[in-house]
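Let me begin by presenting the structure, written as structure tokens, before commenting on it.
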Amino acid sequence: MAKKKIEKKVANEKVNDLKSNTQNGEGQMLSTNQGLLINDNQNSLKSGERGATLLEDFILREKITHFDHERIPERIVHARGTAAHGIFQLYKPIAQYTKAKFLNDTSKPTPVFARFSTVAGSRGSSDLARDVRGFAVKFYTEEGNYDLVGNNMPAFFIQDAIKFPDLIHAVKPEPHNEIPQAASAHDTFWDFISLMPESTHMIMWVMSDRAIPRSLRMMEGFGVHTFRLINKEGVSHFVKFHWKPLLGIHSVAWDEAQKISGKDPDFHRRDLFEAIESGAFPEWELGVQIIPEEDEHKFAFDLLDPTKLIPEEIIPVQRIGKMTLNRNPDNYFAETEQVAYHPGHIVPGIDFTNDPLLQGRLFSYTDTQLSRLGSPNFHEIPINRPIVPVMNNQRDGHMRQTINSDKTSYQPNTISNGCPFQAKAVDGGFTSFQERIDAKKIRERSRSFLDHFSQATLFFNSQAEYEKNHIIDALTFELGKVERIEIRERMLGILTQVDKTLAAKVADGLGMMVPEQPMYPINHSVPADGIQKNYEPVSMKQSIERSDALSMANTIKSSIKTRYIAILATNGVDENSLTEMKNALEAEGAKTKVVALKLGTITGVKGKEIKVDQSFLNTSSVLFDAVYIPSGEKSANALIADPDAIHFVNEAYKHCKAIAANGDGVNLLNKSEVKIKNKDADKNQNSITDMGLLIDKPSKDFIGAIAQHRFWEREKQRKVSA
Ligand code: HDE
């Protein structure tokens, strides 16, 4: 019998697929799960008006029983997250590297579902924790689902999957008191890190501003591991995957992050949701660094070592396509909570390497879904279903949805004419890359994995002055929360291997001396007796001393699209001064909010009514990117009389944001600490050196300043009382 060709569905099939499972109660009557219409949803069935509830009340029992089981276990890691639908559009085919169809077909986009997450915190924790961010993308390709399950940092803490449970146990709240939530600033985390020098490079990233993004839309993504691309001829190239945000990479200040966690713990989730709702679709370009098979050993590090990155100056990132997130999920639980990513979901043309961290992941992700989603049929949940048919002999199990009508569920068979058939490679059947292996079965780490510090130093050296200061502050903050002095000491020892000044500055902040050298300089692995085995220091000279791509200072700073600007005003504001700036900012895609002493409306000096968006009570400067104070004497005076308004300005200044004032609005600046820090800041002497402070300047200057994101050089003056 002729083989039935698997019917290929169109790319936007995913949208239809999800639609076919979507329900909306609009215009419908209430029913039980059996479809029985419910006549009274207010009262349970009782023995008389004041009597006990009857066991017979099957409607009540059904409702409460379902409610009792509404929660599923949260993800062991990456529990806190948010997601969106979108498309991936390839720019040009890369057939020379891969036969993956979605990386060869520019004729139509591939539907995607991307989920972003923090790692350590529980589902209800704050978005602004200092943490790595998960960056997971499911491509619904015509050859099955491909999941690129990465992070917003290109390195990882550990080299071998066997250490992952230890790492996570160390960073999670301490076991005896479940404290602290969503924070690495505690003894168990730093105890572990101080004994695991292989984590040093990643620690530099996690202590950098990358760990406190301004927005999920403004962070990079990385596949982290080296993967393989396989072309039609079976030739393999190594590949590192990158996501490059078109809005640039931007972060908030640490003080700001902590305050946002209180003012709006959903800051990142809200930001993504609102941007998409307003049509400002976030975009990332997919980049690849390609390394020919024969160059595997040409680097100063091992390509299989997940604690290393390949500097972009050595292997450039080729941008091959663009992901646009253009639709919010309809239902958080059904889509964002139930989506199941897996680095083992691959398509022909993409393959794994022997990275020992990646290899461990390949087991973990299916396993965790079994307890999290509760059934081996989690692939049948609408968000997880591929757009191509699933045909195999797997059957039954909890919550099976598919009604398989075949007469057989085994292979080989004759009863079903041998169906479903195995696909040949030419039919798109997956074949693993035939890597030659000739080795002993051992538990050892390759010597090529033993340089733990060179890339930590490379990262630190590549940072701008203010970025280095933020790393120093972050380490001082975190280690300052560590109660056991010996752990702090061990960490200082490790830091000496990255940069002596870094170690000295952190030690100074902790009031400690820098040890001569680390207690455990290079770990091979940490054996139970704590004694290092096979200690052989390895330092692989990096071929570059600095990589501009590693510093956020060099990022895109050209747009104010979707930036939030607070306009501080109250009765008596000069309506022209307010509206002209507001219109100019909004014309550039920014979002403005009039913040006043109370909600409702304010009346301008010429009698115009202006809607107030927020009051000082229900918002805060940390939720904005910039501040504008329009003219109007009465308005300025009323703001000056309100300490919350002064605090708002001081705090925005402290967090290095662009601040503009017009006419009488400058009076508010003069009563704030902006005046103290910038002695010239009055409207008569228009000679301000701080480029982020704009007095009576045209809107285009303010727009240019907001696009700069932050004026970090202000931090040198330090200490603003906000
Ligand atoms: Fe994960 N990881 N991981 N991980 N990971 C999970 O799977 C695991 C690692 C990453 O939005 C879990 O479905 C092991 C590296 C992301 O749903 C779990 C190891 C990278 C997400 C798991 C790693 C990641 C996860 C928890 C070491 C960056 C969230 C829930 C061998 C390349 C995906 C789940 C989402 C989630 C295991 C290391 C990224 C337990 C064992 C390295 C983005 O299976």
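Any residue that is charged (D, E, K, R), near the ligand (Cβ under 8 Å from one of its atoms) and either over 20 Å from Gly221 (Cβ atoms) or out of contact with any Leu (no Cβ under 9 Å at 6 or more places or on another chain) (or both) - is there at least one of those in the range 354-362? Full working, then the answer.
First pass over the range 354-362, keeping only residues charged (D, E, K, R): 355, 361.
With near the ligand (Cβ under 8 Å from one of its atoms) added as a condition, the list becomes 361.
Filter again for either over 20 Å from Gly221 (Cβ atoms) or out of contact with any Leu (no Cβ under 9 Å at 6 or more places or on another chain) (or both), leaving 361.
Yes, the range 354-362 contains at least one residue that is charged (D, E, K, R), near the ligand (Cβ under 8 Å from one of its atoms) and either over 20 Å from Gly221 (Cβ atoms) or out of contact with any Leu (no Cβ under 9 Å at 6 or more places or on another chain) (or both).
With the condition kept exactly as written, say whether any residue in the range 333-350 is modelled with pLDDT of 95 or more, in a loop (DSSP other than H, G, I, E, B) and of a type in the set (Asp, Glu).
Going through the range 333-350, the residues modelled with pLDDT of 95 or more turn out to be 333-350.
Still in the list and also in a loop (DSSP other than H, G, I, E, B): 338-349.
With of a type in the set (Asp, Glu) added as a condition, the list becomes none.
So far as the range 333-350 goes, no, none of its residues is modelled with pLDDT of 95 or more, in a loop (DSSP other than H, G, I, E, B) and of a type in the set (Asp, Glu).
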Taking the criterion of being near the ligand (Cβ under 9 Å from one of its atoms), over 22 Å from Gln289 (Cα atoms) and in a loop (DSSP other than H, G, I, E, B), would at least one residue in the range 122-130 satisfy it?
no
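Determine whether Thr200 is surrounded by 24 or more Cβ atoms within 10 Å (Cβ to Cβ), part of a helix (DSSP H, G or I) and not aliphatic (A, V, I, L, M). First the steps, then the outcome.
On the way: surrounded by 24 or more Cβ atoms within 10 Å (Cβ to Cβ): yes; part of a helix (DSSP H, G or I): yes; not aliphatic (A, V, I, L, M): yes.
Yes: the conditions hold for Thr200.
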Tell me, please, whether a residue that is over 22 Å from Glu143 (Cα atoms), within 10 Å of the ligand (Cβ to nearest atom), modelled with pLDDT of 95 or more and out of contact with any Phe, Trp or Tyr (no Cβ under 6 Å at 6 or more places or on another chain) can be found in the range 372-390.
yes
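In the range 113-134, what residues are among the aliphatic types (A, V, I, L, M) and in contact with a Ser or Thr (Cβ under 9 Å, 6 or more places away or on another chain)?
Here is the first cut: in the range 113-134, the residues among the aliphatic types (A, V, I, L, M) are 114, 119-120, 128-129, 132.
Within the range 113-134, Ala120, Leu128, Ala129, Val132 qualify.
Could you grab me the full set of residues in the range 150-183 that are among the polar types (S, T, N, Q), within 16 Å of the ligand (Cβ to nearest atom) and open to solvent by 10 Å² or more (accessible area, probe 1.4 Å)?
Our first condition is that a residue be among the polar types (S, T, N, Q); within the range 150-183, this holds for 151-152, 159, 177, 181.
Within this subset, residues satisfying the condition of being within 16 Å of the ligand (Cβ to nearest atom) are 151-152, 159.
Scanning the range 150-183 gives a single hit, Asn151.
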When you scan the range 581-588, do you find a residue that is touching a Ser or Thr at 6+ places or on another chain (Cβ under 8 Å), open to solvent by 10 Å² or more (accessible area, probe 1.4 Å) and either modelled with pLDDT under 95 or of a type in the set (Gly, Ala, Ser) (or both), even just one?
yes
So Gly234, is it under 20 Å from Leu103 (Cβ atoms) and either touching a Pro at 6+ places or on another chain (Cβ under 7 Å) or outside any strand (DSSP E or B) (or both)
yes
Members of the range 78-114 found to be within 16 Å of the ligand (Cβ to nearest atom) and out of contact with any Gly (no Cβ under 8 Å at 6 or more places or on another chain), listed by number:
Thr82, Ala83, Ala84, His85, Gly86
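Tell me, which residue of the range 328-342 that is more than 8 Å from the ligand (Cβ to nearest atom) and open to solvent by less than 10 Å² (accessible area, probe 1.4 Å) is nearest to the chain's Cα centre (by Cα)?
Taking the range 328-342 and keeping what is more than 8 Å from the ligand (Cβ to nearest atom), we get 328-338.
Narrowing the set further to residues that are open to solvent by less than 10 Å² (accessible area, probe 1.4 Å) leaves 336-337.
Numbers: Thr336: 14, Glu337: 16 Å.
Applying the filter and picking the extreme gives Thr336.
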Only unsatisfied item for Ala275, checking (1) open to solvent by 10 Å² or more (accessible area, probe 1.4 Å); (2) farther than 21 Å from Pro109 by Cα; (3) not in a loop (DSSP other than H, G, I, E, B), is (1)
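Residue by residue, here is whether (1) under 25 Å from the mean Cα position of the chain (by Cα); (2) assigned to a loop (DSSP other than H, G, I, E, B) holds:
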position: Arg436; (1), (2): no, yes
position: Arg443; (1), (2): no, yes
position: Phe460; (1), (2): yes, no
position: Lys468; (1), (2): yes, no
position: Leu475; (1), (2): yes, no
position: Leu492; (1), (2): no, no
position: Ala503; (1), (2): no, no
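The values are calculated or read from the model by the stated rules, or taken from the named source; none is laboratory data. The structure displayed is predicted, hence computed values, not measured ones. All Cβ positions, glycine included, derive from the backbone under ideal geometry; neighbour counts span all protein chains shown. For the accessible areas, the whole protein counts, side chains as well, though only heavy atoms, and no ligand, DNA or RNA atoms are used. Shrake-Rupley method; radii C 1.70, N 1.55, O 1.52, S 1.80 Å.
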